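Working notes, structure below.
Taken together, the values in this text are just the output of simple stated rules run on the coordinates, not laboratory data. Quick caveat, the model's predicted, so the values are computed rather than measured. For neighbour counting, all protein chains shown are included, and Cβ atoms are generated from backbone atoms with ideal geometry for every residue, glycine included.
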Amino acid sequence: MNFIVPTLSISIMYVIFKIIDTKYITKDDRSVKLITKDGLVVFLAGAITMFLLEKFKFSHMMGGSKESLSAFTNSPDF
């Protein structure tokens, strides 16, 4: 469940930038309700993606988090 905070922050940043874009740059009359709905879609897409990446352990397939191999280095006991 570590994917909720990054996904939520990404969707909040999307909503903020989209509001700034529609109100001040393009001067579009798009409502904040529609922008919030788009932010919810961004949140759901990010949450599903992060969940699937964590569930199927794609980081191991891409070479992340390599575990070190252990070797026997002591003198034998026999």
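On a full-extension model of 0.36 nm per residue, what is the gain between L40 and T26, subtracting their alpha-carbon distance, rounded to one decimal in nm?
Details: separation 14, 0.36 × 14 = 5.04 nm, distance 2.20 nm.
So the extension gain works out to 2.8 nm.
Can you give the FRET efficiency for V5 and F56, using 1/(1 + (r/R0)^6), R0 = 22 Å, r = Cβ-Cβ distance, to the nearest 0.05? Present the calculation step by step, with values, prior to reporting the outcome.
Values: r = 21 Å, r/R0 = 0.95.
Working from the Cβ atoms, E equals 0.60.
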I48 versus T73: modelled label distance in nm, points set 7 Å from Cα along the beta carbon direction: 4.8
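Under the 0.36 nm per residue contour assumption, what length would be gained going from the current alpha-carbon distance of K33 and M13 to full extension?
5.6 nm
Provide, for the stretch 4-59, the number of lysine pairs with alpha carbons under 26 Å apart, each pair being eight or more places apart or on different chains. The partial results should precede the final answer.
Working: K18/K27; K18/K33; K18/K37; K23/K33; K23/K37; K27/K37.
For the stretch 4-59, the number of qualifying lysine pairs is 6.
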